[in-house]
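Here is the structure we will look at.
The values are calculated or read from the model by the stated rules, or taken from the named source; none is laboratory data. What you see is a predicted model, and the numbers here were worked out from it, not measured in a lab. Cβ placement follows ideal geometry from the backbone for every residue including glycine, while neighbour counts extend to all protein chains displayed.
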Amino acid sequence: MPWFPQIYFMTKIACIGSGNMGCALMKAAAPVVGGENIGFSDCDQRKAEQAAQSLGATVYQSNASAVSHSDFVFLAVKPQVLGELLNEIAPALQTRLSNKEPTILVSMAAGWSIDKIQTTLNIPAHFAAFSRFADRYAYRQPIIRIMPNTPVLIGQGIIAVTAAPEVPEPRVAELQQILALSGIVDRVDEAILDAVTALSGSGPAYAYLFIEALADGGVLVGLSAERALRYAVQTVLGSATMLKETGTHPALLKNIVASPGGTTIAGLAALEKGALRGTIIAAVEAAFKRAQELS
């Protein structure tokens, strides 16, 4: 097995789409690869220019150009337009593949499996030894799927990563290093990616709803809206941090707070009566089923 550096010399990254998620991931990548090695492409040229300006990045005039000049291309577009985008960039991807310098696609679209992306691209497999990769084998378009969540916007997210067999391990490791400043990066099997989407991808919305409800409860019992929200946010943040730092199971920490006949156990009884636990589980299951439908 040949030796590979942690980050390839002058690795080029492009992001097709300049929305919040794409911009957040490129911001995290900039200290690793350098802003000058990042580029944006977007149907709204003004948005691409704004995203690029803050990083000292390039703006590509077309999606095909972004593919032609990049080692990794992040597909930061909505799932419903991904098929059209893949058809557009397929010729540029095929050229790179034929030239033995394949661009690695990084998709974050829920419901689009690696096989579905490769089938939509319809690029014939090549059988060749690539100069920057190990071994000689039948080679399809290399694809990595990621599932980030919105806290990557502040470097506190969690990103699941799964790769097609065509992506050499050193390149997967490189991408993980590029993403590391966005939060926790976790390598997973593609078979569980829909479950990850349902839990961590959708999970921030569940957490925000809980925090909002907790603050509303504070207002109901007499706190100002501003103070109730501040207390609710810090309570949830402190509790999550305590779980993470102690490694203690949440049930045990819950029992520490709930003393016999006290206020907390009365509140917990009300939550159980309202089926909070079962409702949250059902929410994750519903999101999981929807992700499978999209697949």
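For region 200-295, which helices (runs of 4 or more DSSP H) that fit wholly inside it have 2 or more residues that are charged (D, E, K, R) and either without any contact (Cβ under 8 Å) to a residue 24 or more places away in the chain or exposed (fewer than 11 other Cβ atoms within 10 Å of the Cβ) (or both)?
Values: elements: 203-220, 225-246, 250-257, 263-273, 276-294.
Once the helices (runs of 4 or more DSSP H) in region 200-295 are filtered for at least 2 residues that are charged (D, E, K, R) and either without any contact (Cβ under 8 Å) to a residue 24 or more places away in the chain or exposed (fewer than 11 other Cβ atoms within 10 Å of the Cβ) (or both), what remains is 203-220, 225-246, 263-273, 276-294.
Looking at 196, 172, can you tell me which residue is assigned to a helix (DSSP H, G or I), touching a residue at least 24 places away in the same chain (Cβ under 8 Å), surrounded by fewer than 19 Cβ atoms within 10 Å (Cβ to Cβ) and in contact with a strand residue (DSSP E or B) (Cβ under 7 Å, 6 or more places away or on another chain)? Quick ask: steps written out before the conclusion?
Numbers: 196 fails: surrounded by fewer than 19 Cβ atoms within 10 Å (Cβ to Cβ).
Result of the check over 196, 172: 172.
Taking the options 140, 145, name whichever one is out of contact with any Phe, Trp or Tyr (no Cβ under 9 Å at 6 or more places or on another chain), among the basic types (Lys, Arg) and either over 23 Å from residue 291 (Cα atoms) or at pLDDT 90 or above (or both).
Working: 145 fails: out of contact with any Phe, Trp or Tyr (no Cβ under 9 Å at 6 or more places or on another chain).
140 is the lone residue from the list that is out of contact with any Phe, Trp or Tyr (no Cβ under 9 Å at 6 or more places or on another chain), among the basic types (Lys, Arg) and either over 23 Å from residue 291 (Cα atoms) or at pLDDT 90 or above (or both).
Taken as a whole, the structure places residue 91 among residues that are in contact (Cβ under 8 Å) with a residue 24 or more places away in the chain, within 21 Å of residue 140 (Cβ to Cβ) and more than 18 Å from the chain's Cα centre (by Cα).
Results for (1) touching a Pro at 6+ places or on another chain (Cβ under 9 Å); (2) within 30 Å of residue 289 (Cβ to Cβ), shown as yes or no for each residue.
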| position | (1), (2) |
| --- | --- |
| 168 | yes, no |
| 173 | no, no |
| 184 | no, yes |
| 197 | no, yes |
| 203 | no, yes |
| 214 | no, yes |
| 254 | no, yes |
| 260 | no, no |
